[in-house]
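The block underneath contains the structure these notes are about, expressed in structure tokens.
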Amino acid sequence: MVSLPRDVHKWLQSLDLSFPVRNPRRDLSNGFLIAEICSWYYPDDINMHSYNNGNSLESKLGNWFLLQNLFKIHCLDVPVELIDSTIHCRPDGAELLVQYLYTKLTNRKIRRLELEHDIDFTDHSYQMRLPLHARSTASTSVKTNLKITEFSTEPNIITCQQKAQEVINRRIEHRQKERYEDPVRYNVKPTIGQLSVRNVSM
């Protein structure tokens, strides 16, 4: 789980926002506070009356549409993965987004912000910390890692099926790795090839 660094907390407090960011995943998902943050740096390009501080999916999409246009104008290059994960309240999405904006808007660096690698907004890291018997099944993983709002914003049923299949494939890969690392627990029998003695010719 990603937490906001102290410098980012102090930065948010200094901006005198409409309400404090206590839970980034909840407070930033509709984009209203993100618009307020950006208004401090681009006051001529943001009219806060155009943004709705509601929690409906329609409000979120409307706000983020305006914000994405702003990002393009000022070449902020905010990764789409960060925006989508923030809208759908995925773990670590909003936290990484606000840190990314901090680095872009203030020209300061954060040592712990690493977006060069693939961004994973699933609960994989949490699941890996659990004992084997407590980890989610494939069906539970789909329910946990796919939000209902994603199906509303992406009505194409094939795309939704692909997202669900990706979650299932990732779960299968993890299970295969567990079986390989602990064959005794899963009662995995060695193959004939593994049992046979191989003579290395000199």
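Every number here is computed from the coordinates shown, using simple stated rules; none is lab data. These figures come from a predicted structure and were not determined experimentally. For neighbour counting, all protein chains shown are included, and Cβ atoms are generated from backbone atoms with ideal geometry for every residue, glycine included.
Sorting Leu33, Leu15 on the 10 Å Cβ count, fewest up front, what's the list?
Listed from fewest to most nearby Cβ atoms, that is Leu15, Leu33.
Please give, to one decimal in nm, the separation of the simple spin-label points placed at Asp7 and Asn55, each 7 Å out from Cα toward the Cβ.
My value for the distance between the label points is 3.3 nm.
Taking other Cβ within 10 Å of each residue's Cβ, how do Asp27, Asp45 sort, fewest first?
Asp45, Asp27
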